[in-house]
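A quick write-up on the structure given underneath.
The values are calculated or read from the model by the stated rules, or taken from the named source; none is laboratory data. None of these values were measured; they are calculated from a predicted model. In this analysis, Cβ positions are derived from the backbone assuming ideal geometry, glycine residues included, and neighbour counts consider all displayed protein chains. With ligands, DNA and RNA removed, areas are computed over all heavy atoms of the protein, side chains included. Shrake-Rupley method; radii C 1.70, N 1.55, O 1.52, S 1.80 Å.
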Amino acid sequence: ATSAPCLIFIFPAVFYIRIVPKEEEPLRSVPKILAACFAGIGFLFMIMSLSFIIIDWTSGSSKASSGH
């Protein structure tokens, strides 16, 4: 729930924002704004995944018989 969104969404977007110099591409350029939105979507997915896992743990009505 935490590693997949980080690897797929958050890290690439943050690395792109940090690696490309501000002189070459300002922070308010379209690609950097889209990268920030991409990272925000990753955080949203991470929060949603964690909340679904916590709800599943607390409710105890998991359909999986393995218990994890």
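Could you check the range 6-15 and list, in sequence order, the residues that are touching a residue at least 12 places away in the same chain (Cβ under 8 Å) and open to solvent by 80 Å² or more (accessible area, probe 1.4 Å)?
Result: 8, single match.
Search the range 32-62 for residues being open to solvent by less than 60 Å² (accessible area, probe 1.4 Å) and not small (Gly, Ala, Ser), and hand back the single one that is nearest to residue 1 (Cα to Cα).
Let us first name the residues in the range 32-62 that are open to solvent by less than 60 Å² (accessible area, probe 1.4 Å), namely 32, 35-36, 39-40, 42, 46, 49, 51, 56, 62.
Subsequent filtering for residues that are not small (Gly, Ala, Ser) retains 32, 46, 56.
Numbers: 32: 25, 46: 6, 56: 13 Å.
Here the residue is 46.
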Check residue 19 against each of (1) at pLDDT below 95; (2) open to solvent by 100 Å² or more (accessible area, probe 1.4 Å); (3) among the β-branched types (Val, Ile, Thr) and name the one condition it does not meet. (1)
